[in-house]
Each structure stands twice: as structure tokens, then as C-alpha cells.
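Student: Once you've had a glance at the structure underneath, I'll fire off some questions.
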Amino acid sequence: MDIMEVLEHLPQRYPFLLVDRVVAIEPGKSIHAYKNVSINEPHFVGHFPGYPVMPGVLIMEALAQAAGILAFKTAGEKPTPNSLFFFAGIDEARFKKPVMPGDQLHLHVEIERHMRGVWKFKAEARVDGQLVAEARLMSAKRDI
């Protein structure tokens, strides 16, 4: 999926869109996407001056956005103005290595369970094949 199709499956937009491309997706099972990390991103101004590090919460958000694409594709749906997937939980989050400008953050997400609009995922973020973060994520589809 190129950026145009990513935009069709996520409601987020710049500066909060954190998925640039989907490399592989198997609806009902898994997704591999990536985000190109650039020094031009607004959070690097203050996190941290002189040593820019991508905030861990944004790594989790990038994983959640990849999970959202997977959930929408699995359900055969796209976001609408009347419903969204919201974070419902983050468990077992671990950060192994800093993510810096110039890195390509690879997002690997697998569906663990889906029941009554609640989704559970196993998620990993990697840079150059090395694990940089991992978590179990939960999201829920809600009408707004």
C-alpha cells in the first residue's frame, strides 16, 4: 500500500500520520509497515535538543496506526466521520533502543484476538532488523 491507500485507511493526518507505507498485509493476520523518521518532525525540536530521539509514545502510536490499518482491512472497512478505532490499552510495553532521525521504523503487528469490536494485537518496532520497542495493544471501534 502506498501513501495514498494508507490515507484511505487512517483518519490521522500530518503531523500525526505515522505510517508511510505498508510493505505487506494479510487481513485477519498481520501487517508490516514502516515510517521514515525525519529530523523535520516537530517533536525533535524539544525531544531532546542536541540529541533527537523519537518519543516512545509516538512509536506506540505508529504501531497502533499500523494495527488500525490491519483492523480496517480485516473488517473490509475504511474510517468514516462517524466511527474510529481508539486505543483501549497498552500492555507489556518495552523500549529497547532509541529511534533517531534517519532511521526507518518497521512496524510489525499481528492480530491476537478480535471480539465484539475490541481488537488485541502483538506489536514490534524494528530498525535495521533490531528490536527497538514491543507491546501488546488493544483498540476498540467506537461511534462518535
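Student: For every helix of n ≥ 4 consecutive DSSP H residues, a contribution of -39,500 (n - 2.57) applies; sum these over the chain, divide by its total residues, and give [θ] at 222 nm rounded to the nearest 500 deg cm²/dmol.
Tutor: Values: 2 runs with 27 residues, N = 144.
Calculated at 222 nm, the ellipticity per residue is -6000 deg cm²/dmol.
Student: If you don't mind, another one. Around Lys97, with a cut-off of 14 angstrom between Cβ atoms, what is the net charge of the other residues, counting Lys and Arg +1 and Asp and Glu -1? All intermediate terms of the calculation are to be shown ahead of the outcome.
Tutor: Values: positive: Arg94, Lys96, Arg126; negative: Asp103, Glu124, Asp128, Glu134.
Result for the neighbourhood of Lys97: -1.
Student: How far is helix 56-75 tilted, in degrees, relative to the longest principal axis of the Cα atoms in the chain, given as a value from 0 to 90 rounded to the nearest 10?
Tutor: Roughly 30 degrees between the two axes.
Student: Related question: Describe numerically, in nm with one decimal, the distance between label points set 7 Å from Cα along Cα→Cβ at Lys29 and at Leu7.
Tutor: Result for the modelled spin labels: 3.1 nm.
Student: Note the count of lysine pairs whose C-alpha atoms are less than 23 angstrom apart in the stretch 3-143, limited to pairs 8 or more residues apart or on different chains.
Tutor: Qualifying lysine pairs in the stretch 3-143: 22.
Student: Amide H to amide H under 5 Å from Asp103: which residues, 5+ apart in sequence or cross-chain, H placed 1.01 Å off N in plane?
Tutor: Here Val37 satisfy the definition.
Student: Going by how many other beta carbons lie within 10 Å of each one, how would you line up Leu10, Leu63, Leu70, fewest first?
Tutor: Working: Leu10 21, Leu63 30, Leu70 27.
Ranked by crowding around the Cβ, least crowded first: Leu10, Leu70, Leu63.
Student: If you place +1 on the Cβ of every Lys and Arg, -1 on the Cβ of every Asp and Glu, and leave all else neutral, what size is the dipole of the chain about its Cα centre, to the nearest 20 Debye?
Tutor: 340
Student: Separate question: Per the Kirkwood definition applied to all pairs of different Cα atoms, how many angstroms is the hydrodynamic radius of the chain?
Tutor: 15.2
Student: Hey, in the GNM for the chain with a 10 angstrom Cα cutoff, which one of Met60, Met115, Met100 fluctuates hardest?
Tutor: Met115
Every number in this text was worked out from the coordinates using simple rules, so none of it is lab data. Please read these numbers as outputs of a predicted model, since none were measured by experiment. Here the Cβ is made from the backbone with ideal geometry for all residues, glycine too, and neighbour counts use every protein chain on show.
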